[in-house]
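Novice: Dropping the structure in here first, questions after.
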Amino acid sequence: MLWTSYRDDLCAVLRKIDPVQVLSLAGALFAAREDGHTVFTCGNGGSAANASHLAQDLSKGTKAWTTGKPMRAISLCDNVGAITAYANDAAYEIVFAWQLANLARAGDVLIAISGSGSSSNVLSAVKRANAHDLRTWGITGFDGGRLIELAHRHIHVPCDDMGMVEAAHAAVFHWLVDELRQRFMGYEKGL
């Protein structure tokens, strides 16, 4: 495939994402920071990498130019010790849900990322989060799977190519971080 074809295909996929949902997630993350809540992320494979990247960018990237309070964000994909212990001692399906049981509080936010929307460990985390009054967001591709129904809100990338879905998710996440940094700067300056 030519680079220009890939670029054009990715642009076409990005145009299919509902901008209202993206703006809504930005608002939810802004509110979470202002209310002192933590944002948790999770996913598998490329979605785990996106989850880690998003949590790091929310923690550092939104704070880089501000003097106000930090945004607390944790990727549930990053604690290898916890993941392997839970997987070995119980089941891989609960590796994110059990971490939430130890770390999360009512009002926190879970951003669950699954291209297929069908990853059992991601779905278990959303179920746990919903049962304990977290606000849940599903970030999906393909047909959205069960995640699109389980999460309170969602951003859906209607595409059947996992690489395109993951690239679109990354673009959304980078925009979110830029948007939040600008909002926090304006908020702290009293604008």
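The values are calculated or read from the model by the stated rules, or taken from the named source; none is laboratory data. Predicted model only: the values in this text are computed from it and were never measured. Using ideal geometry, Cβ is built from the backbone for each residue, glycine included, and neighbour counts are taken over all protein chains shown.
Novice: In this structure, does Ala91 turn out to be crowded, with 16+ Cβ neighbours inside 10 Å and modelled with pLDDT of 95 or more?
Specialist: Taking the combined requirement at face value, the residue does not satisfy it.
Novice: Filter the range 63-80 down to residues that are at pLDDT below 95 and not basic (Lys, Arg) and give me whichever is surrounded by the most Cβ atoms within 10 Å (Cβ to Cβ).
Specialist: Filtering the range 63-80 for residues that are at pLDDT below 95 and not basic (Lys, Arg), the one surrounded by the most Cβ atoms within 10 Å (Cβ to Cβ) comes out as Met71.
Novice: Here is a further query. Failed condition for Arg15, given (1) at negative phi; (2) surrounded by 13 or more Cβ atoms within 10 Å (Cβ to Cβ), with all others met?
Specialist: (2)
Here is a yes/no grid of residues against (1) farther than 30 Å from Met185 by Cβ; (2) among the hydrophobic types (A, V, I, L, M, F, W, C):
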residue: Lys63; (1), (2): no, no
residue: Ala73; (1), (2): no, yes
residue: Asn79; (1), (2): yes, no
residue: Glu93; (1), (2): yes, no
residue: Ala97; (1), (2): yes, yes
residue: Leu110; (1), (2): no, yes
residue: Ser114; (1), (2): yes, no
residue: Ser118; (1), (2): yes, no
residue: Asn121; (1), (2): yes, no
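Novice: Would you check if Asn44 is part of a loop (DSSP other than H, G, I, E, B) and of a type in the set (S, T, N, Q)?
Specialist: When the stated conditions are applied, Asn44 passes them.
Novice: Residue by residue through the range 142-167, note down the ones that are aliphatic (A, V, I, L, M), assigned to a loop (DSSP other than H, G, I, E, B) and either modelled with pLDDT under 95 or more than 16 Å from Pro19 (Cβ to Cβ) (or both).
Specialist: Ala151
Novice: With the structure loaded, tell me whether Ile83 is touching a strand residue (DSSP E or B) at 6+ places or on another chain (Cβ under 7 Å), more than 22 Å from Gly141 (Cα to Cα) and surrounded by 16 or more Cβ atoms within 10 Å (Cβ to Cβ) or whether it fails that test.
Specialist: It is false that Ile83 is touching a strand residue (DSSP E or B) at 6+ places or on another chain (Cβ under 7 Å), more than 22 Å from Gly141 (Cα to Cα) and surrounded by 16 or more Cβ atoms within 10 Å (Cβ to Cβ).
Residue by residue, here is whether (1) touching a Gly at 6+ places or on another chain (Cβ under 8 Å); (2) under 20 Å from Gly27 (Cβ atoms) holds:
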| residue | (1), (2) |
| --- | --- |
| Cys77 | yes, no |
| Tyr86 | no, no |
| Asp108 | no, yes |
| Gly115 | yes, no |
| Asp133 | yes, yes |
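Novice: Among the residues of the range 168-189, are any assigned to a loop (DSSP other than H, G, I, E, B) and either touching a residue at least 24 places away in the same chain (Cβ under 8 Å) or surrounded by fewer than 23 Cβ atoms within 10 Å (Cβ to Cβ) (or both)?
Specialist: The answer is yes, given that some residue of the range 168-189 is assigned to a loop (DSSP other than H, G, I, E, B) and either touching a residue at least 24 places away in the same chain (Cβ under 8 Å) or surrounded by fewer than 23 Cβ atoms within 10 Å (Cβ to Cβ) (or both).
Novice: If a residue must be surrounded by fewer than 18 Cβ atoms within 10 Å (Cβ to Cβ) and in contact (Cβ under 8 Å) with a residue 40 or more places away in the chain, how many such residues does the range 129-160 contain?
Specialist: Matching residues across the range 129-160 total 2.
Novice: Let me ask another. Name every residue in the range 55-85 that is outside any loop (DSSP other than H, G, I, E, B) and within 20 Å of Arg105 (Cβ to Cβ), in order of residue number.
Specialist: Ala55, Leu58, Ser59, Arg72, Ala73, Ile74, Ser75, Ala82
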